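Below is one structure, written out as structure tokens, with a few remarks after it.
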Amino acid sequence: MNETQQLVNAITEGIQEKKGKNIVVADLTNIGDTICQYFIICQGNSPSQVRAIAESIEESARLKAHAKPVAVDGLRDAEWVAMDYTDIIVHVFLPQTREFYDIEHLWEDAQLTALPDID
């Protein structure tokens with residue numbers, strides 16, 4: 001398993017740890033001129049859960065993949081938190097914000113993998 005895939009796994013585990021829902025991994029590796037290799041998209045039910053998911057992602061990535069985000073934006077309002085791990089950009093949304101922006105479908109050529117929710 002390469003470092004990027006290890007980080008994808010660590011991030012998704014961090015999301016699942018705080019009961020993040022509707023996790024989608026968009027593989028952009030076969031698409032030219034993209035800003036990263038993967039988008040990971042999920043949602044929380046409240047601003048406090050969105051923040052908790054973001055914090056869990058940071059901890060999981062640090063402990064399991066020895067990675068820190070280059071930038072994190074959106075924690076203040078916690079409607080949409082974007083976390084930049086260079087090769088991977090993570091988006092943690094509130095449901096209505098995710099539905100409005102619908103970023104999964106911006107990349108029609110990407111391979112989308114939906115992960116099951118953990119209860």
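Condition (residue is of a type in the set (S, T, N, Q) and within 24 Å of I118 (Cα to Cα)) applied to segment 16-25: is it met by at least one residue? Yes. Among I118, I57, I35, I31, which is among the β-branched types (V, I, T), in contact with a helix residue (DSSP H, G or I) (Cβ under 6 Å, 6 or more places away or on another chain) and not in a helix (DSSP H, G or I)? Checking each option against the conditions leaves just I118. Please work out which residue is surrounded by the most Cβ atoms within 10 Å (Cβ to Cβ), limiting yourself to segment 27-40 and to residues that are hydrophobic (A, V, I, L, M, F, W, C) and under 13 Å from the mean Cα position of the chain (by Cα). Selected residue: I40. I need the full set of residues from segment 8-26 which are open to solvent by less than 20 Å² (accessible area, probe 1.4 Å) and not in a strand (DSSP E or B), in order please. If the condition is that a residue be open to solvent by less than 20 Å² (accessible area, probe 1.4 Å) and not in a strand (DSSP E or B), then V8, A10, I11, T12, G14, I15, G20 are the ones that fit. Does Q43 satisfy the criteria of being within 12 Å of the chain's Cα centre (by Cα) and either at pLDDT 95 or above or under 21 Å from A114 (Cα atoms) (or both)? Yes.
The values are calculated or read from the model by the stated rules, or taken from the named source; none is laboratory data. No experiment lies behind these values; they were computed from the predicted model shown. When we count neighbours, we look across all protein chains shown, and the Cβ atoms used for this are built from the backbone with ideal geometry, even at glycine. Note: accessible area is taken over every heavy atom of the protein model, side chains too, but ligands, DNA and RNA are not part of it. Shrake-Rupley method; radii C 1.70, N 1.55, O 1.52, S 1.80 Å.
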